[in-house]
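Quick notes on the structure that follows.
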Amino acid sequence: RMYKFGGQPVARDLLDRHYGQSFTRAFGERNGKAMMHATAGSLIGIGEVALLPLDVLKIKRQTNPEAFRGRGLFRIVADEGMALYRGAGWTVLRNAPGSFALFGGSAFVKEFVFKLEDYNKATFMQNFFASIGGAVASLTVSAPMDVIKTRIQARSFDSPESGMTILRRMVQQEGMGSFFKGLTPKILVVGPKLVFGFTLAQWFIPAFDRVLKGGSLVEAASPAAKQ
């Protein structure tokens, strides 16, 4: 979360500096701004694959504890090596649209619901509702790839299975609905945590940026009070 929420503003500023006019010409002023936020989120989401081994170890620990029997963390890392990146392609296919929807959904709410010209001036409640829109969109869009990724990572180290094999078996045996299996509980359980973290990030990051530029903490935390 720290990498994603902290990295997206950096990527967005770089895109704005070098390609801001291109986004405006391609999508219009309002849509271009939202698309730039979404694209920055997608790029950061793709980069998140570097942390995949941590996610693999967590999922295997939860779903296949036998794989850890008699081996410590460092021993597993030494034994498995690059196998810990198994499912990296599917992770990218999940993260790219998922992060695009997360930051794009939030930007869409701020742009077209609250009609904000400067997203950094959103109030806490505006950030909260924007985070809800982004979180629901992200979890829904990324659900199919997330199911495949989780099934790949849940397999034992000794019996890996390709994503395409899992994909074909799901379609043949479980139907298309299996790609959204568990979506509602995930929205109800993971959604609030994602909304909470995303709301705080959207509120605090601009606030601290204003403090660094010479404003007071009270003014930075309450941008609406200066309007």
Under 29 Å from residue 213, Cα to Cα: lysines that are on another chain or at least 8 residues apart: 4, 33, 110, 115, 121, 226
Suppose a student asked you for the relative contact order of segment 110-214, using Cα pairs under 8 Å spaced at least 6 residues apart; what percent would you report? 38
With a probe of 1.4 Å, find how much accessible area the chain has per residue, and write the answer as a whole number in Å². 55
Counting only complete DSSP H runs, which helices of the chain cover 24 Å or more along their long axis at the Cα atoms and score a mean Kyte-Doolittle of 0.5 or above? 88-108, 124-154, 183-212
On a straight-distance basis, which aspartates and glutamates could pair with residue 181 in a cross-link, Cα separation under 13 angstrom, same-chain partners fewer than 8 positions away excluded? 146
Looking at 139, 112, 125, which one has the Cα that reaches farthest to the positive end of the dipole of segment 110-158 (charges on Cβ: Lys, Arg +1; Asp, Glu -1)? 139
With +1 at each Lys and Arg Cβ and -1 at each Asp and Glu Cβ, the charge dipole magnitude of the chain around its Cα centre, to the nearest 20 debye, comes out at 280
Give me the percent of the accessible area of the chain that comes from carbon and sulfur atoms, probe 1.4 Å, all protein chains in place. 64
Show me the three semi-axes of the equivalent ellipsoid for the chain, from the C-alpha gyration tensor (sqrt of 5 times each eigenvalue), largest first, rounded to whole Å. 36, 20, 17
From the gyration tensor of the Cα coordinates in segment 46-164, what semi-axes in whole Å does the equivalent ellipsoid have, largest first, with each one equal to sqrt(5λ)? 37, 14, 11
Can you give me the relative contact order of the chain as a percent, contacts being Cα pairs under 8 Å and 6 or more apart? 21
For every helix of n ≥ 4 consecutive DSSP H residues, a contribution of -39,500 (n - 2.57) applies; sum these over the chain, divide by its total residues, and give [θ] at 222 nm rounded to the nearest 500 deg cm²/dmol. -23500 deg cm²/dmol
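The values are calculated or read from the model by the stated rules, or taken from the named source; none is laboratory data. Here the structure is a predicted model, which means the values were calculated and not measured. Please note: Cβ atoms are built from the backbone with ideal geometry, for glycine as well, and neighbour counts cover all protein chains shown. Quick note on the areas: whole protein, heavy atoms, side chains included, nothing else; ligands and nucleic acids left out. Shrake-Rupley method; radii C 1.70, N 1.55, O 1.52, S 1.80 Å.
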